[in-house]
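Visitor: Quick one: this structure, given as C-alpha cells, is what I'll be asking you about.
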Amino acid sequence: MTYATVMVSLALDQSNEASLAVAGDVAEQFDACVIGVAAAEFSPPLYYTSGDAAQNFIDQGYASIQKRITELEAQFRDALQKRAKEIDWRSARDMPSSYVVKQSRAADIVITSGSSSAVADPFTRANPNDLVMQTGRPLLLVPSTVQWLDLRSVVIAWKDCREARRAIVDALPMLRKAKDITVAAIVEEEDSRSMVSAGVKDVVGWLSRHGIFASELVVEANGSATTQLDRVAADAGAGIVIAGAYGHSRFREWVLGGMTRHLITDSTRCSLLSR
C-alpha cells in the first residue's frame with residue numbers, strides 16, 4: 001500500500017501555502033501524482049435587487065471566482081510541478097465540500113488546511129468536517145503554521161474502535177517513513193488499565209508484523225482528553241497525530257467528538273484522520 005495519488009484541496013479565501021508545501025513533501029516521499037482541486041459558488045447577497053443591476057452583480061461575482069481559481073491553479077502548478085510525479089488540476093463552479101468529496105474518488109489521501117474555530121465560508125472552501133465524514137479517504141489536516149511534513153516523530157491516538165483501526169491502516173505508508181512512533185491510549189472511566197494496555201500491545205505487535213517498530217504509552221485520564229493528547233504529542237515532539245474521526249449525524253452537536261473537533265480546529269501539528 002502506498003499513496004500513489006494525493007489530492008490537495010485549496011481554499012479561495014485563505015492562504016494555501018502550508019497545504020501545498022506538505023503536498024509536495026508527500027509527493028516526493030511516495031513518488032506520487034498530485035491532483036489540485038478548488039471550487040466556489042456565488043454567495044447570494046443579503047439584500048434584494050433585480051433586473052440588470054442584479055445580473056451585473058452576479059456576473060461580477062462569477063468573474064471574481066474564476067479569477068481567483070485561475071490564480072490558485074497557477075500557484076498549485078508552480079508549487080508542485082517539480083515535486084510530483086505528475087500533476088492534474090480540477091476546478092468547478094460548485095459548493096466546495098461536495099465537489100472535493102466527489103473528486104476524492106481519484107485519490108488515496110486528501111490534504112486540506114485545518115479549520116479555525118471561526119465558521120468557515122461554505123461557498124469558498126471545503127469544510128474539513130464534511131471531508132472527514134464523507135470522502136471515505138484519510139484526511140491530512142495541515143495547520144497554517146506548518147512548513148513541512150515532519151515524520152521524525154508520530155503519535156497514534158489509539159482507542160479500541162472501528163475509526164482508530166481504519167486510521168492506522170490508512171496511515172501505514174506514512175508510518176513506514178516515520179522514525180519514532182508512539183501508540184498512546186488514555187484510560188477513560190469506563191476502561192480498565194489492563195484492558196487498555198492489552199489493546200495497545202496488540203496494536204504495537206500488529207505494526208511490528210508490518211516491519212514498523214512502535215513504543216507503547218498508556219496514561220490515566222487526567223482532565224480533558226484533548227489536553228492530554230496535546231501533552232503526549234508535545235512530549236514526543238510529534239509532527240503528526242494519527243487518529244480515528246468520531247462522529248455521527250451533523251445534526252447532533254456537529255457531531256464530531258471533542259477530540260476530532262480539536263484536531264481539526266485547534267491543533268498546531270498535522271493530523272491524519274480516518275473514519
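Throughout, read-outs are computed from the coordinates displayed, never taken from laboratory work. Quick caveat: nothing in here was measured; it's all calculated off a predicted structure. Reconstructed Cβ throughout: ideal geometry from the backbone, glycine too, with neighbour counts over all protein chains shown.
Visitor: Classify the range 153-274: rounded, prolate or oblate, from the alpha-carbon gyration tensor (a ≥ b ≥ c, eigenvalue square roots; a/c under 1.5 rounded; otherwise prolate if a/b is larger than b/c)?
Guide: Taking the square roots of the gyration eigenvalues as a ≥ b ≥ c, the range 153-274 is rounded.
Visitor: Sticking with this structure for a sec: Please work out how much length the chain gains when fully extended from residue 60 to residue 14, using 0.36 nm per residue of separation minus the C-alpha to C-alpha distance, in nm with one decimal.
Guide: Full extension from residue 60 to residue 14 adds 14.5 nm.
Visitor: Sticking with this one: Kindly flag which residue pairs out of 67/179; 82/177; 82/201 have an alpha-carbon separation exceeding 32 Å in this structure.
Guide: Distance filter (> 32 Å) returns 67/179; 82/201.
Visitor: Between residue 209 and residue 148, what is the label-point separation in nm under the 7 Å Cα-to-beta-carbon projection?
Guide: 3.6
Visitor: Hey, what angle do you get for helix 225-236 against the long axis of the chain, alpha-carbon based, 0 to 90 degrees rounded to 10?
Guide: For helix 225-236, the angle is close to 80 degrees.
Visitor: Just 212, 242, 69 to compare: in a GNM of the chain, with alpha carbon springs under 10 Å, which one fluctuates most?
Guide: 212
Visitor: So if R0 is 41 Å, what FRET efficiency would residue 28 and residue 234 give, r being the distance between their Cβ atoms, rounded to the nearest 0.05?
Guide: In this case the efficiency is close to 0.90.
Visitor: What is the local net charge at residue 152, summed over the other residues whose Cβ is closer than 13 Å to its Cβ (Lys, Arg +1; Asp, Glu -1)?
Guide: Once positives and negatives cancel, what remains is 0.
Visitor: Go ahead and estimate [θ] at 222 nm for the chain from helices alone: -39,500 (n - 2.57) per DSSP H run with n ≥ 4, summed, over the residue count, rounded to 500.
Guide: -12500 deg cm²/dmol
Visitor: Let me ask something additional. Give the calculated FRET efficiency between residue 43 and residue 224 to the nearest 0.05, with a Förster radius of 30 Å applied to their Cβ-Cβ distance.
Guide: 0.25
Visitor: Tell me, what is the FRET efficiency for residue 74 and residue 188 to the nearest 0.05, using R0 = 45 angstrom and their Cβ-Cβ distance as r?
Guide: After rounding, the FRET efficiency stands at 0.40.
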